[in-house]
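The values are calculated or read from the model by the stated rules, or taken from the named source; none is laboratory data. All of these numbers come straight from a predicted model, not from anything done at the bench. Positions of Cβ are generated from backbone atoms using ideal geometry, with glycine treated the same way; all protein chains shown enter the neighbour counts. Areas reflect the complete protein model, heavy atoms only, side chains present, ligands, DNA and RNA absent. Shrake-Rupley method; radii C 1.70, N 1.55, O 1.52, S 1.80 Å.
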Amino acid sequence: MNSQNQASRLRELLDQPGVLIVPGCYDAFSALMIEKCGFPCAYMTGFGSSASVIGEPDAGLMDFTQMSTHAGNLANCIGIPLIADGDTGYGNAINVHRTVKTYANLGVAAIQLEDQSAPKRCGHVQGKVLVPLKEMLGKIQAAKDAAAEKDIVIIARTDARAVDGFQAALDRCKAFEEGGADVIFLEAPKSILEMRTTAELIQKPLLANMVEGGETPFLGAKDLNELGFKIGLYPVTLLLSVAQTLEKQLKHLQKGKHQEIQEAQFSFNQLKSMVGFPNYNKMQEKYGS
């Protein structure tokens with residue numbers, strides 16, 4: 001499925017009743033797992049990408065080439081729409097135009113752009129600095145112009161809640177909506193009341209970022225739907241779970257507990273199936289390789 005069809009599919013999902021639950025993937029294998037388990041959409045997490053690709057914090061250390069390449073790899077290994085973190089767009093509005101068009105050409109269904117200045121930071125850590133609203137609106141316009149050339153859903157995120165307070169964040173969300181963003185993302189509201197107030201103000205689809213241990217109340221699909229959110233993003237749920245499993249299994253390996261290791265594993269045949277060996281073997285037979 002090409003990127004334009006993926007973007008269209010995501011728009012169809014957003015038009016359906018209820019909240020869209022979107023797990024975060026940090027590499028191609030986790031993206032495959034999300035699809036295999038029946039989720040209709042996946043999210044390339046910036047935090048998880050930085051952790052898995054370069055082993056560094058989500059603080060703007062991965063550049064445009066690294067992030068776009070990673071996004072393309074994830075988008076093209078699955079048959080469901082991928083929402084991908086595009087950070088600040090990697091420069092000014094003209095850079096944003098190139099970033100959005102590149103993501104679309106790589107098969108990404110939606111790109112998330114934020115109003116931080118470089119170097120950006122994870123939305124649930126301190127030390128963020130915002131670009132002026134006028135600059136961010138110019139970036140949104142550039143993103144929309146790029147999307148007109150190659151369809152992709154534009155998600156506009158503000159980190160103003162942590163910098164200038166909740167009202168300033170609301171004002172930015174309203175400006176982003178009026179500026180033509182497809183989905184609005186107020187990062188790190190601190191209470192259910194703030195989430196409800198946001199949903200009452202914004203008419204376009206709203207995204208809630210659900211980070212375990214983050215600034216925002218951690219809610220499930222039922223609560224998010226009742227509050228009026230359209231996308232429930234769980235960006236680091238898989239990464240946190242895998243980190244715990246890796247630590248546990250490595251400790252078992254150190255202690256020689258091989259039975260305990262195998263009991264908590266996929267079989268090797270399951271793993272081969274997940275990465276596509278059955279289809280590869282059929283192609284090998286077909287082409288006589």
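Would you mind working out the accessible area per residue for region 1-94, using a 1.4 Å probe, and quoting it in Å²?
On the way: 3810 Å² over 94 residues.
In whole numbers, region 1-94 has 41 Å² accessible per residue.
P(r) for region 37-103: what percent of alpha-carbon pairs falls in each 10 Å bin, starting at zero?
With 10 Å bins starting at 0, P(r) equals 21, 51, 26, 2.
Rounded to the nearest 0.05, what FRET efficiency is calculated for Val163 and Leu246 with R0 set to 41 Å and r the Cβ-Cβ distance? Each step should come with its number before you reach the end.
Values: r = 35 Å, r/R0 = 0.84.
That pair, Val163 with Leu246, gives E of 0.75.
Once you have the Cα-Cα distance between Gln262 and Glu200, take 0.36 nm times their residue separation minus that, and quote the gain in nm to one decimal.
Extra length from Gln262 to Glu200 when fully extended: 17.3 nm.
Roughly how many Å² of Glu35 are accessible to a 1.4 Å probe, to the nearest 10?
Accessible area of Glu35: about 60 Å².
Could you please state how large a percent of the accessible area of region 58-132 is carbon and sulfur, counting protein chains only and using a 1.4 Å probe?
On the way: 1440 of 2650 Å².
The nonpolar share, carbon plus sulfur, comes to 54 percent.
List residues of region 18-58, by number, whose backbone nitrogen lies under 18 Å from a label position 7 Å along Cα→C-beta of Asp223.
Answer for region 18-58: 19-23.
Where in the chain is the longest stretch that carries no chymotrypsin sites (Phe, Trp or Tyr not before Pro) classed as loop by DSSP and with at most 13 other Cβ atoms within 10 Å? The partial results should precede the final answer.
Details: sites that count: Phe218, Phe266.
Between the exposed loop sites, the longest stretch runs 1-217.
Counting C-alpha atoms alone, how compact is region 48-151: give Rg to one decimal and Dmax as a whole number, in angstrom.
For region 48-151, the Cα-based Rg and Dmax read 13.3, 38 Å.
Can you tell me the dipole magnitude for region 191-289 around its Cα centre, using point charges on the Cβ only (Lys, Arg +1; Asp, Glu -1), in Debye to the nearest 20? Walk me through the numbers before you get to the answer.
On the way: 11 positive and 10 negative charges, 102 e Å.
Computed charge dipole of region 191-289: roughly 480 debye.
Looking at Phe229, Phe39, Ala208, which one has the Cα that reaches farthest to the positive end of the dipole of the chain (charges on Cβ: Lys, Arg +1; Asp, Glu -1)?
Going by the Cα projections, it comes out as Phe39.
Given a 1.4 angstrom probe, what's the average accessible area per residue across region 132-289, in square angstrom?
It amounts to 55 Å² per residue over region 132-289.
In bins 10 Å wide, starting from 0, what share of all Cα pairs of the chain does each bin hold, as a percent?
Percent of pairs per bin, in order: 6, 28, 35, 19, 8, 3, 0.
Go through region 66-74 residue by residue and turn each phi into a ³J(HN,Hα) via Karplus (6.51, -1.76, 1.60, θ = phi - 60°); whole Hz please, and just put x for glycine and proline.
These are the phi-based 3J(HN,Hα) values: 5, 5, 5, 4, 4, 4, x, 4, 5 Hz.
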